[in-house]
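One structure below.
The values are calculated or read from the model by the stated rules, or taken from the named source; none is laboratory data. Predicted model only: the values in this text are computed from it and were never measured. No Cβ is skipped: glycine too gets one built from the backbone with ideal geometry, and neighbour counts run over all protein chains shown. These area figures cover heavy atoms from the full protein model, side chains too; ligands, DNA and RNA do not enter into them. Shrake-Rupley method; radii C 1.70, N 1.55, O 1.52, S 1.80 Å.
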Amino acid sequence: MEKEHLNQSKQAAQSHIFSGHVYMFFAFDIGEDINFESVKQSQNCKISPVNLSKFFKNYHAPLAIEIPDHEKSTYCIDTKIHQFGAISMTYKVPVSKTFHDLKAELIAIDEEYQPRSINDALAVYKKIKPFISKPNFFHLRSYYTIIQLECDPEFNGAQIKEHFSHELAALLRFETQTLSEYQKREILTSSVGYFKKDLIIIDTEAAFIYDPQYIELLDFFELGNIQQLELQYFDKLLDKQMTAIYEDKTRKLPILAYFPFIGSHYFDPVGDLTKLKVDISVITERLENSIKLVGETYFSTIYDQIVINLDLKNWKDSIEKKFKIIKEVQYDYQNKIDTTREDVLTTLIIILIVIELIVAIIKH
């Protein structure tokens, strides 16, 4: 009887309809820097300050910008521009499905809003393009999805995890088929919750939220997505520099580059590298230090899970490793250039001395 009751309970759970929303965070890198003052003064841009969460610091805050209604996609609830050359967009799509049907629905929503987000971002980009340093639509893009379901009195967080473990794992990997037990366990290990009714599962491309107080959590996921975008951008930038070094593109210099005093105007690898280091440090530190979670253990745990699953630490380590390699190569090359410049200077001094001797001999 007990087994039969459990089967009936499971069948009832599988047919239960849950309501909620699919949140999608998109971020686009569109250039090196956005002049906020010029954007604010522009007649073509409708902007407003962003009301930041209490967990975020106010310095270097983004600006909210409106997309014209005739160009704006349905369910786009938030569009921001960031001073370091990025656009972020948030979509909120309502859903009401069983867990089984939600898997196919999520994939359909994802396929629909991938191109829509590009069109919306392009509309914003066209408006602010004159105020962007080195504009380019778009260098890179990152996105993250949240499946948020309203808490149902029939199910608490533990019951959701027990009854729908396979569906949850498939949802978070955008799969319609059942994943292996190994994959399921790996995904569900990141489960957290504050109260008994809560359940939050954070994975690499998506998260599941079953928490009535979820609104404050959305900002953490948006920040993580922006951080991932910028770290990918700098990683790609360093890749280009390493490729140039391997292909000896940096070695083709004009003859004046080897002359003392004026040579650094044509070639200054250490100076260029220092500037790049400053740019990377300023933006990454700005993003990392924009959040304050002192004394907030629960939110710190969630943010730490976001950092882990979005692989932010590995991206940062990769950047530091590549920068170190480039630094060593550039310093060696700088030393060679400096040695050449010293030789040129010595040669010029010798030539001047010889000329003076010749002139003196002729006068004598």
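Can you say whether residue 127 is in contact with a Cys (Cβ under 6 Å, 6 or more places away or on another chain) and either assigned to a loop (DSSP other than H, G, I, E, B) or not hydrophobic (A, V, I, L, M, F, W, C) (or both), as far as the supplied structure shows?
Criteria met by residue 127.
Of the residues 167, 186, 205, 181, which is of a type in the set (D, E, K, R), within 20 Å of residue 25 (Cα to Cα) and open to solvent by 10 Å² or more (accessible area, probe 1.4 Å)?
Just a single option satisfies the conditions, and that option is 205.
Can you find even one residue in the range 74-81 that is open to solvent by 20 Å² or more (accessible area, probe 1.4 Å) and in a loop (DSSP other than H, G, I, E, B)?
yes
Filter the range 316-353 down to the residues that are within 30 Å of residue 218 (Cα to Cα) and either of a type in the set (S, T, N, Q) or open to solvent by less than 70 Å² (accessible area, probe 1.4 Å) (or both) and list them by number.
Result: 316, 317, 318, 319.
If a residue must be under 30 Å from residue 44 (Cβ atoms) and of a type in the set (D, E, K, R), how many such residues does the range 90-123 contain?
The total comes to 4.
Let's see how each residue does on (1) in contact (Cβ under 8 Å) with a residue 24 or more places away in the chain; (2) surrounded by 16 or more Cβ atoms within 10 Å (Cβ to Cβ); (3) aliphatic (A, V, I, L, M); (4) assigned to a helix (DSSP H, G or I):
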site	(1), (2), (3), (4)
216	yes, no, no, yes
234	yes, yes, no, yes
238	yes, yes, yes, yes
242	yes, no, yes, yes
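Could you give me the residue pairs with C-beta distances under 6 Å whose first residue belongs to the range 192-207 and is more than 14 Å from residue 161 (Cβ to Cβ), whose second residue is among the hydroxyl-bearing types (Ser, Thr, Tyr) and open to solvent by 10 Å² or more (accessible area, probe 1.4 Å) wherever it lies, and which are 6+ apart or on separate chains?
Note: pairs meeting the criteria are 194/298.
If you check 100, 139, which single one turns out to be modelled with pLDDT under 90, open to solvent by 20 Å² or more (accessible area, probe 1.4 Å) and part of a helix (DSSP H, G or I)?
100
What number of residues in the range 73-104 are touching a residue at least 12 places away in the same chain (Cβ under 8 Å) and more than 23 Å from the chain's Cα centre (by Cα)?
So the count comes out to 10.
Of the numbered conditions (1) among the acidic types (Asp, Glu); (2) assigned to a loop (DSSP other than H, G, I, E, B); (3) open to solvent by 60 Å² or more (accessible area, probe 1.4 Å), residue 152 satisfies every one except a single condition; which is it?
(3) is the only condition that residue 152 fails.
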